[in-house]
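The structure appears below as structure tokens.
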Amino acid sequence: MVWKKIVFVLPFICLFISDAYSQARVWETFTSMKDIRDIEVVAATNEVYCATSGGLFEVDMTQGTVKRKFTNVDGLLSVKLLSVKLDNHGKLWIGASDGSISIYDYQTGGWNYIYDIKNSSEVDKSINDFLLYNGFMFVATGYGIQKISTNDYNFVDAPYSQLGTFPANNTKVNRLALFGNMIIAATDAGVAYAENINSNLNNPQTWQNFSAPPLNQDVSALAVFDNKVFAGSPSGLLYFDGSSWTVYPNTTLQNGNIRAMTSTQDRLYVATDNTIYFTQANDLSNISVYQTGSGYTDLNLDINSNPIIGTSDNGTGINLNSGYTYFFPNGPNVNSFIDVEFDVNGKLWACGGTVANSGIYTYANGIWETYTVQTHPEIGSSNDFRKIYANDDGRVWSLSFGGGATIYQNETFTNFNPSNSPLPPFQTGSNFCVPTAGVYDLNGNFWMAFWKVQNTVTPSVWVRVGDQWQGIPIPVIPTDNNGFFQLGVDEYNTKWLMTSLNANRLYFYNENGTIGNFNDDIYGFYSANEFSSDITSLTDIIVDKNGEVWVTTNNGVFILSNPVAVLQGQKPPPRKMGIISGNLIVPFTESCRSIAYDELNNKWIGTTSNGVFYLSEDGTTLFEQYNTTNSPLLDNDILTIKVNPADGRAYFGTGSGLTSVNTDAVEPLTEFEDIVCSPNPFLLPSSVDLRIDGQYVLTQVSCSPFRSSLSYPERI
């Protein structure tokens with residue numbers, strides 16, 4: 001049944017409030033939690049908590065499952081975690097790179113927070129480690145050590161910022177350990193230690209220093225074992241017996257890249273990048289391999305004294321009696337989102353660019369799936385995907401830097417590169433292929449532009465018509481070394497191509513309905529100074545629902561309101577977007593990186609350092625601004641924005657993960673199977689609201705016995 005809306009005028013007032021407009025903003029955060037930064041074990045519940053670069057997650061070792069995860073919408077102040085430690089009150093202290101400390105009571109689910117370091121003026125506020133001692137938490141930061149009471153969260157003493165002769169306020173402390181009453185600090189300048197943790201640690205003379213190689217920089221691993229303190233750096237391992245430092249008596253560890261250490265009563269475990277070793281007390285020179293792998297980041301012990309292993313890309317490894325199983329919550333492959341797209345079925349597609357082994361990742365029905373060259377070689381030869389484009393017919397194109405173009409169609413990936421298609425290589429004789437921008441035209445043909453092609457006679461723009469490729473030699477575009485990175489198409493089928501490598505230019509090209517006949521083509525370009533003399537970079541482009549071309553730059557946004565003019569031999573002048581403030585329109589001067597529009601044609605603009613601006617259709621009215629201080633945005637540098645028309649959620653891709661928020665701009669339904677009104681009958685006057693439901697809640701009506709206009713659906 002198809003419905004359309006007609007208007008009845010009734011002798012009473014009803015105030016219509018759409019549920020979409022009345023609802024509060026609901027945020028979601030999507031991050032990868034494979035990169036383990038620190039591990040803590042709660043022996044009382046046999047659970048492991050893992051601090052990661054994407055948040056915190058909990059593993060139930062009894063059940064062998066990921067029990068829950070936490071992001072900045074689940075209680076954390078930040079997801080970029082570096083440390084986690086259980087205090088003497090059964091609460092987890094969770095430290096982040098921005099200086100925030102989130103304190104989680106795992107028994108009640110309650111949260112407390114410490115903002116002092118986050119709000120300080122220190123340059124490096126990172127919370128790198130915690131050391132619990134006598135009701136106090138000693139906090140290793142990017143500028144020294146803080147002492148905080150675990151009873152009331154008050155700071156005790158001034159920061160311990162001068163550790164011996166190491167630079168004041170500029171010595172990053174990476175790890176802390178207790179050796180008897182001695183406090184040991186592993187720092188970027190070496191090792192600092194004070195004989196008595198209860199002494200005046202504010203006095204630099206209380207501290208002694210050791211900074212001979214390999215402990216002269218980036219010391220980041222500490223362990224107490226066999227009445228000794230072991231300290232490691234990327235250059236090697238030494239130990240301290242309380243009076244002197246000794247080189248480790250095995251050359252493998254003596255010169256190894258030491259990433260983490262832990263110890264039992266009779267074993268010392270040492271992790272390098274790709275191997276975990278162990279040694280026995282009184283036999284340090286004899287080391288054995290415990291496990292081999294890659295990307296080891298942290299070590300701790302379970303309640304049975306088995307090592308718990310942290311990795312950079314495979315979560316945490318736990319020995320469940322039958323060998324090691326690695327755990328991490330389902331999530332995106334990495335935390336880099338440089339492009340996001342929705343296909344015809346509403347599935348989210350994303351890519352992470354240069355982040356190692358990022359590949360393509362999708363999200364649907366609450367589940368993330370990952371496609372990399374290693375797991376799905378059919379996607380091509382490179383995991384460095386930069387752009388993804390979906391069409392209404394189900395096709396999804398993914399463009400990789402070096403691996404060519406990959407289409408997903410009929411549930412199958414097919415890769416095109418110079419070895420199996422006419423697509424041009426980066427250099428003559430190479431299979432390295434770099435398509436970096438694409439767009440579907442009005443006829444469903446897929447256009448593709450390249451960062452660089454093999455020579456000056458090879459077209460740098462190609463179009464896929466059916467199952468055939470056609471090179472497009474546009475005369476005004478130099479074919480070699482173009483640096484294309486954005487494409488758009490307007491309602492007249494004119495293609496708009498943005499480039500930056502040779503010069504910041506916005507090209508336009510229209511084949512005049514005859515692909516392959518280049519005699520009737522229309523083309524030209526705008527240079528950056530035609531937008532403004534202070535423009536140094538063009539960054540993104542869209543063609544909105546009104547057919548206007550919107551261009552973001554390092555200094556605001558520009559609009560081409562009449563793009564058809566280029567087909568008539570004229571170039572419409574760019575108009576700079578401004579926002580109404582008072583009675584004036586003030587030019588918008590933010591450094592912008594990304595732009596999108598929603599179903600209401602409202603604009604979403606992502607900046608390089610100030611988050612997201614949500615604006616009216618014409619850009620003159622600021623509805624909302626979101627950044628990391630007033631919202632769960634993960635980063636103020638917004639790499640990409642996409643609004644899902646099906647449910648109106650806006651997605652913001654950053655280098656730290658993906659964030660989404662619900663909006664009012666929901667794609668209208670074309671059909672309703674059922675319309676239900678409640679209460680039924682509805683008697684006037686009424687103290688309750690009339691609720692009209694279809695597939696979604698359509699309208700909520702508050703009535704007053706005067707007069708109003710009511711909108712009702714009518715069956716046709």
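Summary table
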quantity	calculated
Test: residue in region 322-344 that is within 27 Å of residue 443 (Cβ to Cβ), touching a Ser or Thr at 6+ places or on another chain (Cβ under 7 Å) and among the aromatic types (Phe, Trp, Tyr)	no
Members of region 171-219 that are on the phi > 0 side of the Ramachandran plot and of a type in the set (Gly, Ala, Ser)	180, 190
Residue list for region 25-45, filter: assigned to a loop (DSSP other than H, G, I, E, B), in contact with a Pro (Cβ under 8 Å, 6 or more places away or on another chain) and of a type outside the set (Ser, Thr, Tyr)	33
Candidates 132, 86, filtered to the one that is touching a strand residue (DSSP E or B) at 6+ places or on another chain (Cβ under 7 Å), farther than 23 Å from residue 33 by Cβ, surrounded by fewer than 22 Cβ atoms within 10 Å (Cβ to Cβ) and aliphatic (A, V, I, L, M)	132
Residue in region 405-414 that is touching a Lys or Arg at 6+ places or on another chain (Cβ under 7 Å), surrounded by fewer than 18 Cβ atoms within 10 Å (Cβ to Cβ) and polar (S, T, N, Q) present	yes
Residue among 457, 463, 489 that is of a type in the set (A, V, I, L, M) and surrounded by fewer than 16 Cβ atoms within 10 Å (Cβ to Cβ)	457
Looking only at region 240-292, and only at residues there that are modelled with pLDDT of 95 or more, touching a Phe, Trp or Tyr at 6+ places or on another chain (Cβ under 9 Å) and of a type in the set (Gly, Ala, Ser), the one that is nearest to residue 52 (Cα to Cα)	260
Top-ranked residue in region 349-379 [being among the small types (Gly, Ala, Ser) and under 20 Å from residue 405 (Cβ atoms); ranked as surrounded by the fewest Cβ atoms within 10 Å (Cβ to Cβ)]	353
Residue match in region 219-238 (condition: over 18 Å from residue 311 (Cβ atoms), part of a loop (DSSP other than H, G, I, E, B), of a type in the set (A, V, I, L, M) and touching a residue at least 12 places away in the same chain (Cβ under 8 Å))	yes
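For every residue, the table says whether it meets (1) buried (at least 22 other Cβ atoms within 10 Å of the Cβ); (2) closer than 28 Å to residue 39 by Cβ; (3) at pLDDT 95 or above.
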residue: 102; (1), (2), (3): yes, yes, yes
residue: 144; (1), (2), (3): yes, yes, yes
residue: 163; (1), (2), (3): yes, yes, yes
residue: 180; (1), (2), (3): no, yes, yes
residue: 187; (1), (2), (3): yes, yes, yes
residue: 195; (1), (2), (3): no, no, yes
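The values are calculated or read from the model by the stated rules, or taken from the named source; none is laboratory data. These numbers come from a predicted model, not from an experiment. Every residue, glycine among them, receives a Cβ derived from its backbone with ideal geometry; neighbour counts consider all protein chains shown.
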